[in-house]
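So the structure is just underneath, and the comments pick up after that.
The values are calculated or read from the model by the stated rules, or taken from the named source; none is laboratory data. Owing to the predicted nature of the structure, the values given are computational and were not obtained by experimental measurement. Here Cβ is always computed from backbone atoms with ideal geometry, including for glycine, and neighbour counts include all displayed protein chains. Protein only, heavy atoms only, side chains kept; ligands, DNA and RNA dropped before computing areas. Shrake-Rupley method; radii C 1.70, N 1.55, O 1.52, S 1.80 Å.
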Amino acid sequence: MSKRKTISALTAISILLVGCSEKASQTEEVKSKEITTTAAYTQQEPTEDNGEYDFTLCFAGDINFDENWATTQYMNTCVNGIYDCIDSELINDMQQADIMWINNEFTYSDGGQPLAGKAYTFRANPDRVENLELLGVDIVGLANNHVYDYGKEALLDTFETLEQADIPYVGAGRTLEEASAPVYMEVDGKTVAFVAASRAEKNKMTPQATATEPGILRCYDTTLFDEKIAEANENADIVVALPHWGTEYSTDLEQVQIDTAREYIDAGADAVIGAHTHCLQGFEYYNEVPIVYSLGNYWFNEKTLDTMLVNLHCYGNNDESHMEVKIIPALQSNCRTTYVSDSEAQRQLYDRLENISVNVEIDDEGIVREISE
């Protein structure tokens, strides 16, 4: 179902927009936002004065609250729950972002049965959704290969759980119309659209939704995904395409990632941000549009892996628009995700990312820029 969300930050905009803003303590409440949703996007009449705008979109990779998985079992031993699992520096950035997106790599349900023949199946108690609220998550991606791990019943429970928590989701739905629909959010006078789809499975066990059955939107055939990106481009100021793709635990890009990322940009995407591989992949710019090939794990398992938040700082006015890409460096290890604060360690992470990227350089502040030919 297309949803629309109006976000009103209660602190000064200058504080909200800077990734290195003053740290919030772990005990501070999640930022307050006014949320309204509608069943479908309605084209708005243009206003005479669009004015200046300045806001930040933040993205994180895979997160997993499965009851039998190492991350959740570790969290159960923590006095402060999720706050002891993810560094306060990172949580502060998540909470302070105007819109925070994360890949929800599991299903919320107490029902259903694990899919036969699937090696890993992930299911969380619906009460775990409170962790998203504590982290400041505003929207989740469901176009992935684990949201259907416990079948139709659990998928429907997932929709209901997120809806009751007032957290929009993108890339899955009760019908194909819902699963493919862009999600629109308004921030600082601009409309931001999110469109998500998956091509992550060699053995396709997660069904695409149909006219009568729930599921995800797939993009093995990119036709419908391209159409929805183009539709979003007609109705929004900024369009973020969110493909679930790539080879797990490999920094090497599949050719289809490169080809379809460019296709999605040609269709109207203003940023392409991928997930699925459980490790970071590189960056690329195509026609001045940023591509983040994979966000990797954020808080997903016990492995030691580089990770990051990616901030898109969007600013401009009636005459010009800008999008700055900034990395917030982090490390997932032993079921904790910590901020990488040491400048030398930060530089090493940025160098690793540069080495697997196509045409970018990353400065010491984590700003990602296109290398001019």
- Given VAL340, VAL368, which one is without any contact (Cβ under 8 Å) to a residue 40 or more places away in the chain, hydrophobic (A, V, I, L, M, F, W, C) and over 17 Å from ALA275 (Cα atoms)? VAL340
- Task: Check every one of the strands (runs of 3 or more DSSP E) wholly within segment 258-314 and list those with 1 or more residues that are under 15 Å from ALA200 (Cβ atoms).
- Result: 271-273, 297-299
- Exactly one of ASN131, ASN144 is crowded, with 22+ Cβ neighbours inside 10 Å and at pLDDT 95 or above, and that one is ASN144
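Scan segment 181-213 residue by residue and report those that are hydrophobic (A, V, I, L, M, F, W, C) and more than 15 Å from LEU224 (Cβ to Cβ).
Step one: filter segment 181-213 for residues hydrophobic (A, V, I, L, M, F, W, C), giving 181, 183, 185, 187, 192-197, 200, 205, 209, 211.
Passing the criteria: VAL183, MET185, VAL187, VAL192, ALA193, PHE194, ALA200, MET205.
If you check ASN80, ASN104, ASN76, ASN125, which single one turns out to be under 26 Å from VAL292 (Cβ atoms) and either among the polar types (S, T, N, Q) or surrounded by 16 or more Cβ atoms within 10 Å (Cβ to Cβ) (or both)? So that I can check it myself, show each step before the final result.
Numbers: ASN80 fails: under 26 Å from VAL292 (Cβ atoms); ASN76 fails: under 26 Å from VAL292 (Cβ atoms); ASN125 fails: under 26 Å from VAL292 (Cβ atoms).
After ruling out the rest, the residue left standing is ASN104.
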- Task: Enumerate the pairs (first residue in segment 123-136 and free of Cβ contacts under 8 Å to residues at least 40 places away in the same chain; second residue anywhere and surrounded by 14 or more Cβ atoms within 10 Å (Cβ to Cβ) and hydrophobic (A, V, I, L, M, F, W, C)) with beta-carbon separation below 8 Å, excluding pairs fewer than 6 apart on the same chain, so at least 6 apart or on different chains.
- Result: VAL129/LEU162; VAL129/ALA165; VAL129/ILE167; GLU130/ALA165; LEU132/ILE102; LEU132/VAL140; LEU132/ALA165; LEU132/ILE167
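From the set of residues in segment 162-183 that are in a loop (DSSP other than H, G, I, E, B) and among the hydrophobic types (A, V, I, L, M, F, W, C), which is surrounded by the most Cβ atoms within 10 Å (Cβ to Cβ)?
Initial filter on segment 162-183 (in a loop (DSSP other than H, G, I, E, B)): 165-168, 171, 174-175, 181-182.
Checking which are among the hydrophobic types (A, V, I, L, M, F, W, C) leaves us with 165, 167, 181.
Values: ALA165: 16, ILE167: 20, ALA181: 24.
Residue satisfying both the conditions and the ranking: ALA181.
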- Message: Can you report the number of residues in segment 309-322 which are closer than 20 Å to ILE371 by Cβ and without any contact (Cβ under 8 Å) to a residue 60 or more places away in the chain?
- Response: 1
- Message: Can you pull out every residue in segment 312-323 that is exposed (fewer than 15 other Cβ atoms within 10 Å of the Cβ), closer than 13 Å to ILE238 by Cβ and out of contact with any Phe, Trp or Tyr (no Cβ under 7 Å at 6 or more places or on another chain)?
- Response: SER321
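If I filter segment 137-150 for residues that are among the acidic types (Asp, Glu), closer than 24 Å to ASN235 by Cα and in a helix (DSSP H, G or I), do I get at least one hit? Give the derivation first.
Going through segment 137-150, the residues among the acidic types (Asp, Glu) turn out to be 138, 149.
Cutting the leftovers down to closer than 24 Å to ASN235 by Cα gives us 138.
If we keep only those that are in a helix (DSSP H, G or I) too, we end up with none.
There is no residue in segment 137-150 that is among the acidic types (Asp, Glu), closer than 24 Å to ASN235 by Cα and in a helix (DSSP H, G or I).
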- Message: Looking at (1) among the aromatic types (Phe, Trp, Tyr); (2) assigned to a helix (DSSP H, G or I); (3) open to solvent by 10 Å² or more (accessible area, probe 1.4 Å), which one does PHE159 not meet, given that it meets all the others?
- Response: (3)
- Message: Looking only at segment 269-303, filter to residues that are free of Cβ contacts under 8 Å to residues at least 60 places away in the same chain and open to solvent by 10 Å² or more (accessible area, probe 1.4 Å); which one of those is farthest from ASP62 (Cα to Cα)?
- Response: ASN287
- Residues of segment 184-206 satisfying the condition of being farther than 16 Å from ALA275 by Cβ and crowded, with 16+ Cβ neighbours inside 10 Å: TYR184, MET185, GLU186, VAL187, ASP188, LYS190, THR191, VAL192, ALA193
